[in-house]
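Worksheet: one structure, shown below.
The values are calculated or read from the model by the stated rules, or taken from the named source; none is laboratory data. Everything numeric in this text was worked out from a predicted model, so none of it was measured. Reconstructed Cβ throughout: ideal geometry from the backbone, glycine too, with neighbour counts over all protein chains shown. Surface areas here come from the heavy atoms of the whole protein model, side chains and all, with no ligands, DNA or RNA. Shrake-Rupley method; radii C 1.70, N 1.55, O 1.52, S 1.80 Å.
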Amino acid sequence: MPKTTDKALTIKDLMAMKQRGEKITCLTAYDASFSALLDQVGIDVILVGDSLGMTVQGHDSTLPVTLTDMVYHSRCVTQTKKRALVIADLPFMSYTNPQQAAENAAKLMQQGGVQMVKLEGAKVDIISFLVANGVPVCGHLGLLPQFINQLGSYAVQGREPAAAQQMIDDALKLQQAGASLLVLECVPASLAKAISSQLEIPVIGIGAGVDCDGQVLVLHDMLNISVGKKPKFSKNFMEGNGAIDTAIAAYHQAVKQQSFPTDEHSF
Ligand code: KIV
């Protein structure tokens with residue numbers, strides 16, 4: 001299903017996709033070449049993730065990534081994309097209060113050229129403030145990589161009934177605060193299904209089962225070029241596809257047709 005137009009996608013287009021049951025495809029990108037390639041294939045959303053701390057910079061977590069890094073990589077990505085909606089992560093400690101979050105989100109949008117910012121956790125006050133000032137926000141619940149030093153490991157979140165209920169409550173609060181999208185990372189598929197069906201805004205899953213409204217993967221994982229162990233929820237799309245563009249197209253098609261993720265990539 002390659003793209004048929006270069007018209008830039010908006011939040012309304014993503015909402016309409018959820019309403020008509022069309023799955024949203026998302027991949028990370030950090031530079032102009034991959035951004036152009038993803039856009040050419042028809043990937044709906046490009047995430048300039050702070051996973052670049054690992055994939056590009058070689059760190060063992062996302063914590064060392066700075067706002068300057070995020071603005072630089074956002075600019076690289078937005079220079080070449082035409083259709084995809086671009087989201088950038090607010091990095092670790094760049095949104096500890098509403099004013100700081102707004103100043104940093106403004107840099108990502110004005111200098112980086114992105115259409116939306118993503119932040120981790122149930123930061124309702126910060127999301128409300130950003131939205132009231134014209135910044136579209138993507139929430140992020142489940143496994144929160146910026147909290148790795150508190151979590152201790154990159155384990156599945158929301159397995160216990162109380163934690164699952166807390167995640168449902170948080171998701172509803174984020175929507176109420178004005179978030180336009182929600183990423184759910186590493187949560188049981190049944191919980192992600194419940195959250196996706198209760199929210200009006202699109203839910204993009206990573207390790208969250210096939211019933212989310214869309215899927216995201218770290219580009220370097222799905223191209224099998226990331227350093228170290230690949231997460232269970234990812235898949236090597238280079239296998240059986242001879243070239244990078246066909247691997248990305250295979251991912252795009254698999255998400256649209258709901259043949260990815262399977263139980264093998266879910267919890
Ligand atoms: O930084 C990132 O790539 C992300 C995805 C894992 C969702 O936040």
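The charge dipole of the chain, taken about its Cα centre with unit charges on the Cβ of Lys, Arg, Asp and Glu (plus for the first two, minus for the last two), comes to roughly 440 debye. For LYS118, the residues 5 or more places off, or on other chains, whose built amide H falls under 5 Å of its own are ALA88, ASP89, LEU90, CYS138. Distance from the Cα centroid of segment 36-100 to that of segment 203-244 is 17 Å (rounded to whole angstrom).
Here the scattering of segment 197-267 is modelled by Debye summation over its C-alpha atoms, one equal scatterer each and no solvent; at q = 0.12 Å⁻¹ the log10 of I(q)/I(0) is -0.31. Taking 18 Å as the cut-off, the amide N atoms of segment 113-131 that come nearer than this to a point 7 Å along the Cα-to-beta-carbon line of ALA106 belong to 113-118, 126-131. Once C-alpha pairs closer than 8 Å and six or more residues apart are averaged by separation and normalised to the residue number of segment 77-116, the relative contact order reads 48 percent.
Summing +1 for each Lys or Arg and -1 for each Asp or Glu, what net charge is found among the other residues whose Cβ lies under 13 Å from the Cβ of PRO145? Local charge sum for PRO145: -4. With contacts taken as Cα pairs under 8 Å and at least 6 residues apart, the chain reaches a relative contact order of 18 percent.
The Rg/Rh ratio for segment 61-193 is 0.97, where Rg is the radius of gyration of the alpha carbons and Rh is the Kirkwood radius. With the simple model of a label 7 Å out from the Cα in the direction of the Cβ, GLN19 to LYS229 spans 4.4 nm.
The residues of the chain present an accessible area of 42 Å² per residue when probed at 1.4 Å with all protein chains retained. For segment 37-51, backbone phi angles converted through the Karplus equation (6.51, -1.76, 1.60; θ = phi - 60°) give residue-by-residue couplings of 5, 4, 5, 4, 5, x, 4, 6, 10, 10, 9, 7, x, 6, 4 Hz, Gly and Pro being listed as x. When the P(r) is computed for segment 1-118, the part past 18 Å accounts for 50% of the Cα-Cα pairs. With both residues required to sit in the chain, DSSP beta bridges show an antiparallel share near 0%. Shown for segment 11-265: the carbon plus sulfur share of the solvent-accessible area, taken with all protein chains present and a 1.4 angstrom probe, equals 52%. Take the Cα of ASN241, step 7 Å toward its Cβ, do the same at SER197, and the gap between the two points is 3.0 nm. Dividing the convex hull volume of the alpha carbon atoms of segment 11-265 by its residue count gives 113 Å³ per residue. Its Cα centre serving as origin, segment 1-60 has a Cβ charge dipole (Lys and Arg +1, Asp and Glu -1) of approximately 380 debye. Expressed per residue, the C-alpha convex hull volume of segment 127-228 stands at 120 Å³. By the helix-only formula, in which each DSSP H run with n ≥ 4 contributes -39500 (n - 2.57) and the sum is divided by residues, the chain has a 222 nm mean residue ellipticity of -12000 deg cm²/dmol. For segment 209-217, putting each phi into the Karplus relation 6.51 cos²θ - 1.76 cosθ + 1.60 with θ = phi - 60° gives couplings of x, 7, 8, 5, 7, x, 10, 10, 9 Hz, in residue order, rounded to whole numbers and with x for Gly and Pro.
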